[in-house]
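Here is the structure we will look at.
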Amino acid sequence: MATLLWEPLPEQLHSFPNFVCYLLREQGLASTPTKQQVAVAKWMQDGPDRSLTVAFRGLGKSLLASYYALYRLRMDPDEKILIVSATALKAGDFSQFMLRTMAEVDILNCLLPGPENRFSNVAFDVAPCTVEQSPSVRAMGVTSQTTGQRCTCAILDDVETLSNVITQLKQERVAHAVTEMESIIKPDEGQLLPRKILYLGTPHTETSIYLRLVRERGYASRYWPAQYPKELECYEGNLDPQIQAELEAEPGLVGEPTDPERFSHEDILQRQASTTKASFELQFLLLSLIH
């Protein structure tokens, strides 16, 4: 495909939720994002520059994160995005999906790397960018070497898995690795988009590294559990405001799915029956950051 000239993104797509809706339709994935996906998209765009999105398994966090990376590049081709996942392979899958989306969606075709650009699953440049030492997108595993990396936005997507935090030593390695993110963010010099470090994940242990981000490093956090919770105070004021408002208006929602388009009441009951109580609380009610 020939490289197309870059033009500013249409103003109606400057809203990231609108951008998500457009991409979902263009890729044939959904006619519209779900209510909770819209809430997460708003949080990613308008939330604090150091934030943690904790959501139940199956909400579509990785999809939204890849769309957010594309959104930033489409708004400003000189953005430098660092994608960090639990493994280099998973991070490579993330960037490969970004490349596929660029090819499939008309308004993103202009970002496709040209013949003179870096072009691989682990590092690529978008065609309209100003070439620098850092690529437009770099994908890496959480314990990979970050020396020399520079970015305007770091997206850490599911850096915690059961296998990489199963022991205290492994958990410390991951915790040490994520502390490096602050040192590789470029300074904010009045660019179009704010510099951001975004964590998205689902807790896997009761000593989740996400807990450290919130309580030791001051990250703003927001929770999207799969069910309307019984006790709001457990979330220490960080429950999604929309979920909280709905519960306060209709207490009978307790136990019902917060995003029935993703998981029906029957789906949640089946998952609850097929796993342990502790595992269900961790991955669907997100209680590891509460105890």
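Points to keep in mind about this one:
- Each residue, LEU269 and GLU7, gets one label point 7 Å from its Cα in the Cβ direction; the gap between the two is 5.3 nm.
- Net length available on complete extension from ARG25 to MET75 is 16.0 nm, with 0.36 nm assigned per residue and the Cα-Cα distance removed.
- Under a Gaussian network description of the chain, with springs only between Cα atoms under 10 Å, the residue in ALA30, ALA123, ALA55 that fluctuates furthest is ALA30.
- Each Lys and Arg adds +1 at its Cβ and each Asp and Glu adds -1 at its Cβ; summed about the Cα centre, the chain shows a dipole of about 700 debye.
- Calculated log₁₀ intensity ratio I(q)/I(0) where the Debye formula runs over C-alpha points of the chain, q = 0.11, 0.14 Å⁻¹: -0.65, -1.04
- In terms of distances greater than 30 angstrom between alpha carbons, the cross-link table entries LYS35/LYS230; LYS35/LYS170; LYS80/LYS230; LYS42/LYS170; LYS170/LYS196; LYS90/LYS170 yield LYS35/LYS170; LYS80/LYS230; LYS42/LYS170.
- Extension gain, LYS35 back to GLN242 (0.36 nm per residue minus Cα-Cα distance, nm): 73.6 nm
- For region 158-245, trypsin sites (Lys or Arg not before Pro) are listed when DSSP marks them as loop and at most 14 other Cβ atoms sit within 10 Å of their Cβ; the list is ARG217, LYS230.
- Sequence-ordered 3J(HN,Hα) estimates for region 72-80 from the Karplus curve with 6.51, -1.76 and 1.60 and θ = phi - 60° stand at 5, 5, 6, 6, 8, x, 8, 4, 10 Hz, glycine and proline given as x.
- Simple rule: put +1 on each Lys or Arg Cβ and -1 on each Asp or Glu Cβ in region 205-246, find the dipole, and look at PRO225, LEU239, ILE209; the Cα lying farthest toward the positive end is ILE209.
- Selection from ALA175, GLN36, THR275, by position along the positive dipole direction of the chain (Cβ): ALA175
- J(HN,Hα) series, region 119-135, from Karplus relation 6.51 cos²θ - 1.76 cosθ + 1.60, nearest Hz, glycine and proline x: 7, 7, 5, 9, 7, 8, 9, 7, 4, x, 6, 7, 5, 9, 4, 7, x
- Rounded to the nearest 20 debye, the dipole size of region 140-291 about its Cα centre is 720 debye, using +1 on the Cβ of Lys and Arg and -1 on the Cβ of Asp and Glu.
- Taking amide H positions as modeled 1.01 Å from N, with prolines and chain starts lacking one, the residues under 5 Å from GLN227 and 5 or more places away or on another chain are THR258.
- DSSP bridge analysis restricted to the chain gives an antiparallel fraction near 15%, rounded to the nearest 5.
Taken together, the values in this text are just the output of simple stated rules run on the coordinates, not laboratory data. If you're wondering where the values come from, they're calculated on a predicted model, not measured in any experiment. Cβ sites come from the backbone with ideal geometry, for glycine too, and all protein chains shown count toward neighbours.
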